[in-house]
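Rule-based calculations on the coordinates, nothing more; no lab input. No experiment lies behind these values; they were computed from the predicted model shown. In this analysis, Cβ positions are derived from the backbone assuming ideal geometry, glycine residues included, and neighbour counts consider all displayed protein chains.
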């Protein structure tokens with residue numbers, strides 16, 4: 001299987017399956033002498049792990065990470081960092097009834113077509129459980145970016161037709177939905193009670209904000225910063241759309257309103273989302289990511305099996321009614337991996353450019 005490595009200089013390679021022995025990652029290209037502890041990584045993993053509220057999957061995983069290499073006396077050595085998380089709460093028997101059937105909305109059919117074999121236990125490599133290692137690698141990237149004054153945060157701005165009227169990323173840690181508008185929590189609780197009763201799922205939109213990135217990062221033409229960020233976001237399970245800045249709303253705007261005017265103090269607006277010509281302009285980079293509803297729901301349906309026969313299907317197991325609720329730290333991690341890689345690429349080519357002059 002190809003496509004398991006992300007990045008050019010700062011690289012993350014992940015391995016492992018949802019119901020396998022463990023998940024693992026190799027982080028290569030990390031600068032040396034960066035203070036790093038297990039706690040730095042675990043803090044981010046704890047934000048993502050399942051079973052934290054009644055509105056997410058009840059699979060119980062500690063997601064306890066181990067650092068196998070690349071760190072000595074509390075600092076990175078510049079050598080590959082090996083990370084591993086042992087799986088503990090697999091219930092593979094829940095998937096026995098789908099081993100010969102293709103679940104609608106999942107990668108079962110496409111994996112079978114591509115590889116001639118698939119791991120039916122929770123989706124195997126296609127499971128969102130793989131993203132735990134992205135969060136682990138992203139935690140290292142975030143630690144490095146923080147030394148440069150770059151901070152990345154995220155929160156849910158829409159679930160179904162419930163939209164935030166205000167955005168406070170600081171409030172996301174204070175509610176079960178990671179929602180940016182606490183005035184909507186009561187409405188969301190009522191909505192999810194009905195959703196769970198209906199054995200259904202719903203989509204969500206997440207805002208990822210990158211603050212403090214210096215201007216000049218990114219490249220024009222084929223490697224635009226927004227294109228690289230879009231690739232990073234689209235590589236996350238269930239993501240179906242990515243918008244930068246004003247995003248799809250630009251179709252309703254005129255040029256006179258869309259362009260971000262400049263004065264001595266800086267930009268008067270940020271419709272560009274912090275990126276011009278594929279290069280950062282120093283403003284906040286705002287990315288909006290839309291995720292589809294969870295495909296695994298317990299409602300009975302029909303599908304086809306590996307012999308292309310129409311059969312009945314009822315999916316068992318423990319699944320999120322809205323994958324967006326746990327997506328924020330995953331998307332933050334991918335943004336961090338992408339931005340750090342782009343910063344290092346910029347330092348490699350433009351080390352002699354004085355941007356303060």
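What ranking of 18, 290 emerges when the number of other C-beta atoms within 10 Å of each C-beta is taken as an exposure proxy, fewest first?
Details: 18 22, 290 19.
If I rank by nearby Cβ atoms, fewest first, I get 290, 18.
Using a Förster distance of 35 Å, how high is the FRET efficiency between residue 187 and residue 301, based on the Cβ-Cβ distance and rounded to 0.05? Please report the intermediate quantities before stating the final value.
Working: r = 29 Å, r/R0 = 0.82.
Plugging the Cβ-Cβ distance into 1/(1 + (r/R0)^6) gives 0.75.
In 5 Å bins starting at zero, report the fraction of Cα pairs in the range 257-357 per bin as a rounded %.
2, 9, 11, 13, 12, 12, 9, 7, 6, 7, 5, 3, 2, 1
Fewest first, what order do 101, 86 take by the number of other Cβ atoms within 10 Å?
Numbers: 101 20, 86 16.
Ordered by Cβ neighbours within 10 Å, fewest first: 86, 101.
Can you sort 183, 260, 286 from fewest to most other Cβ atoms within 10 Å of each residue's own Cβ? Present the calculation step by step, with values, prior to reporting the outcome.
On the way: 183 11, 260 18, 286 22.
The most exposed by this proxy come first: 183, 260, 286.
Points 7 angstrom from Cα along the Cβ direction at residue 170 and residue 256: gap in nanometres?
Reported label-point gap for residue 170 and residue 256 is 3.8 nm.
What is the helix-to-structure angle for 38-48, meaning the angle in degrees between its Cα long axis and the longest Cα principal axis of the chain, kept from 0 to 90 and rounded to the nearest 10?
Once rounded, the angle reads 60 degrees.
May I ask you to derive the relative contact order of the chain, considering only C-alpha pairs under 8 Å and at least 6 residues apart, and to give it as an integer percent?
The value is 22 percent.
Label the range 94-251 by shape, choosing from rounded, prolate and oblate, from the square roots a ≥ b ≥ c of the eigenvalues of the Cα gyration tensor; if a/c is under 1.5 it is rounded, and otherwise prolate applies when a/b is larger than b/c, oblate when it is not.
Oblate, since a/c reaches 1.5 and b/c is not below a/b.
Taking the 0 to 90 degree range and rounding to the nearest ten, how far is the long axis of helix 131-147 tilted relative to the main principal axis of the chain, both from C-alpha atoms?
With rounding to tens, the tilt is 20 degrees.
Please report the Cα spread of the chain along all three principal axes, rounded to whole Å, starting with the longest.
68, 50, 38
So what are the radius of gyration and Dmax for the Cα set of the range 123-204, in Å?
Rg then Dmax for the range 123-204, in Å: 15.9, 47.
With the Cα gyration tensor of the range 85-174 giving a ≥ b ≥ c as the square roots of its eigenvalues, does the rule (a/c under 1.5 for rounded; else a/b larger than b/c for prolate; else oblate) give rounded, prolate or oblate?
It comes out prolate by the Cα gyration axes.
Specify whether the C-alpha gyration tensor of the range 151-196 places it in the rounded, prolate or oblate class, a ≥ b ≥ c being the square roots of the eigenvalues: rounded for a/c under 1.5, otherwise prolate if a/b is larger than b/c and oblate if not.
Taking the square roots of the gyration eigenvalues as a ≥ b ≥ c, the range 151-196 is prolate.
Hey, with R₀ at 25 Å, roughly what FRET efficiency would residue 264 and residue 148 work out to, going by the Cβ-Cβ distance, to 0.05?
Efficiency computed from Cβ-Cβ geometry: 0.50.
Could you work out how far the C-alpha centroid of the range 291-323 sits from that of the range 157-180, in angstrom?
28 Å
Taking Cα atoms, how many degrees apart are the long axis of helix 328-349 and the longest axis of the chain, rounded to 10 and kept between 0 and 90?
So the inclination is approximately 40 degrees.
With labels modelled as points extended 7 Å from the Cα through the Cβ direction, what inter-label distance (nm, one decimal) is found for residue 38 paired with residue 198?
In this crude label model, residue 38 to residue 198 measures out at 4.4 nm.
For the chain, what does -39500 (n - 2.57) per DSSP helix run (n ≥ 4), summed and divided by total residues, give at 222 nm, in deg cm²/dmol to the nearest 500?
-7500 deg cm²/dmol
As a test of understanding, state the convex hull volume per residue of the range 247-312 from its alpha carbons, in Å³.
190 Å³
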